[in-house]
Amino acid sequence: MSDFPTETQPERRKWVWLGLQLVLRLVFALWLRYRARGHDRITHRGGMLLVINHQSFLDPALVGLPLRRPVSFLARENLFRVPFIGRLLRNMYVLPINRESAGTAALREMIARLNAGFWVGIFPEGTRSADGKLGEIKPGFLAMLRRANVPVCPVGIAGADRALGRNHKVPHFSTVRVVFGEPISAEQVVETLKLGEAAILELIRTRLEECMTQARDWRDHR
């Protein structure tokens, strides 16, 4: 188990991330012509799971930037040992994961955070897309939904793969759009889970692809 507290999530980020948010707004505006929409429809105050397509290492910042509440993501454990970076990650409520030990402790911690009212962000593809399209959705995260009665918010990203994608060694200028979809209620999640693993994965994939399509169309018709 990590040493991160699982107290009820604060309504706003800590001052470290608030300061970084101001910097990122400027950087992303100039570099990525960044814009997001749909986040103002998210009014849920308890725990929530954000399910996001994965295009770039930038994705956690792209998703968290327009939100007033912090989102807990996962990051490699060794990053937390870097003096400045480690403190920054902790203040952003990021959780460490040890890839060699299968991340069981991190999974337990994410479930605890969801139950404590935190928002948790995951990338169910497990790796960055090579072409910007949605890859196979891995079922591992369903353990969280079975043990935490929370809604699921799909989030679609378009353009991050062109800025700093899997095949990029240096950053490129790009246009990035992020669309937050209508959350799937906790009640609907429970009812769909009763129909089997395939049903809930298909529901989440459909909602996620809808957000990605909206983000892609918005990017291409700027």
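The values are calculated or read from the model by the stated rules, or taken from the named source; none is laboratory data. Since we're looking at a predicted model, the values are computed, not measured. Heads up, the Cβs are rebuilt from the backbone with ideal geometry, glycines too, and the neighbour counts pull from every protein chain shown.
Listed values, structure above:
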item	result
Positions within segment 49-63 being within 17 Å of Arg35 (Cα to Cα) and among the hydrophobic types (A, V, I, L, M, F, W, C), in sequence order	Ile52, Leu58, Ala61, Leu62, Val63
The listed residue being in contact (Cβ under 8 Å) with a residue 60 or more places away in the chain and surrounded by fewer than 19 Cβ atoms within 10 Å (Cβ to Cβ), out of Arg76, Arg113, Arg35	Arg35
Qualifying residue in segment 143-158 (condition: more than 21 Å from Arg45 (Cα to Cα), at pLDDT 95 or above and either part of a loop (DSSP other than H, G, I, E, B) or among the acidic types (Asp, Glu) (or both))	no
Hey, Leu49 at pLDDT 95 or above and more than 22 Å from Gly165 (Cα to Cα) or not	yes
Scope segment 163-210; condition surrounded by 14 or more Cβ atoms within 10 Å (Cβ to Cβ), hydrophobic (A, V, I, L, M, F, W, C), in a helix (DSSP H, G or I) and without any contact (Cβ under 8 Å) to a residue 60 or more places away in the chain; matching residues	Ala186, Val189, Leu193, Ile200, Leu203
Answer from Ala198, Ala130, Ala158, Ala186 - the residue that is out of contact with any Pro (no Cβ under 7 Å at 6 or more places or on another chain), among the aliphatic types (A, V, I, L, M) and over 30 Å from Ala29 (Cα atoms)	Ala198
Out of Ile137, Ile111, Ile122, sole residue that is modelled with pLDDT of 85 or more, in contact with a strand residue (DSSP E or B) (Cβ under 8 Å, 6 or more places away or on another chain), β-branched (Val, Ile, Thr) and under 22 Å from Leu201 (Cβ atoms)	Ile122
